[in-house]
Amino acid sequence: MEKAIIIGGGIGGLTTGALLSKHGYKVTVLEGDGEVGGCAGKFSKDLFSFPVGATFGMRFEEEGIHNKILRYLDIDMNVFPLSEAIRITVFSAPLSVFQNRTNHLKQLVQVFPHYKENLSSFYEELWKIARKVRRLIERVPAMPPKTPQEWGYLFSSLGISDVSLLPLFTKTVADLVKKHGLEDCQSFIHLLDGQIIDSMQTTIEHCSLLMGAFALDVYHEGSFYVEGGLFILARKLQSFIKHHGGEVKLHCKAIGVDKRGALFTVEDEYKQRYKAEHVVSNLPLRQLLELLEERIVQNLSQKIKDKEQWGCLRCILP
């Protein structure tokens, strides 16, 4: 049985661990905190638990990735759709991010009446791009492509209807804002930045248009309340891993990753070492680089060292 170590017990790490457990891997999740869930955490007071951080979920719709994974793992969750995902009070009038696209656009026009036509054309194109990206992303998980290999895989996966996306691969969300004459509407840009930072950990100036369109549109595909709080999902994934012979270790912060031959060695803060054929990091890329041995980091490209990345990463090292 091959072993896999997951660094970080957030939703991404636990989901990876659960999927690997289902496929027969011996999984160990190392979580530095005393709770699983990462940003989807909780705090307790007396007999009550309160969700903190990420308090509602995305992609629980019928064909959403979380829903697909839960069905695949045979995990039951009580999830309820929300018509209003976010309410913002910093503008002259309260502003909400509605699930319904028409209601969302209508409200923005009311808040920014001088940009009615600009907003309409901006969102019409944004949502059109998002629909195409949603179909494409099922086949091409690495977006936007960077290496020749990724470009080759992309072109081999493209269908006739995807060709219209090609000119957009190098564009940012800010480019689309400028195209529709909204670059002077600073309050609207502030709103977009807030949504993009929440989902992509960057601003519209640096966010790929393809992924940014997807991120801005995902609220309209569906926002959901998980009964009991989003951390319940983390708890159920944790239980799944344990039920399939894995282990989730809390208060166990990874401080180093090395690779000798075919095996990785992960060391925790208590100097305990774990060996496995596979390591998956659920940390930002910069934090992962801090864990790697210097000889490994030296062999990585400068582009990787300088890149700010948020997400779940598999270690494929020389």
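The values are calculated or read from the model by the stated rules, or taken from the named source; none is laboratory data. No experiment lies behind these values; they were computed from the predicted model shown. Because the Cβ atoms are built from the backbone with ideal geometry, glycine has one as well, and the counts that use them run over all protein chains shown. What goes into the accessible areas is simple: the full protein's heavy atoms, side chains included, and nothing from ligands, DNA or RNA. Shrake-Rupley method; radii C 1.70, N 1.55, O 1.52, S 1.80 Å.
Observations, loosely collected:
- Looking only at residues of the range 131-183 that are part of a loop (DSSP other than H, G, I, E, B) and of a type in the set (Asp, Glu), we find that the one that is modelled with the highest pLDDT is 183.
- Every condition in (1) open to solvent by 80 Å² or more (accessible area, probe 1.4 Å); (2) modelled with pLDDT of 90 or more is met by residue 260 except one, and the failing one is (2).
- Verdict on residue 108 being modelled with pLDDT of 95 or more and either aromatic (Phe, Trp, Tyr) or crowded, with 18+ Cβ neighbours inside 10 Å (or both): no
- Subset of the range 39-48 (residues that are part of a strand (DSSP E or B) and either out of contact with any helix residue (DSSP H, G or I) (no Cβ under 8 Å at 6 or more places or on another chain) or modelled with pLDDT of 95 or more (or both)): 43, 44, 45, 48
- Hey, residue 240 modelled with pLDDT of 95 or more, closer than 20 Å to residue 78 by Cβ and open to solvent by 10 Å² or more (accessible area, probe 1.4 Å) or not: yes
- Qualifying residues in the range 8-38 (those that are touching a strand residue (DSSP E or B) at 6+ places or on another chain (Cβ under 6 Å), aliphatic (A, V, I, L, M) and modelled with pLDDT of 95 or more) - the one surrounded by the fewest Cβ atoms within 10 Å (Cβ to Cβ): 20
- Selection count where residues are in a helix (DSSP H, G or I) and of a type outside the set (Lys, Arg), scope the range 4-38: 11
- Inside the range 1-56, residues that are among the hydrophobic types (A, V, I, L, M, F, W, C), closer than 26 Å to residue 86 by Cβ and in contact (Cβ under 8 Å) with a residue 60 or more places away in the chain make up a count of 7.
- All positions within the range 49-64 that are open to solvent by 60 Å² or more (accessible area, probe 1.4 Å) and in a loop (DSSP other than H, G, I, E, B): 55, 62, 63
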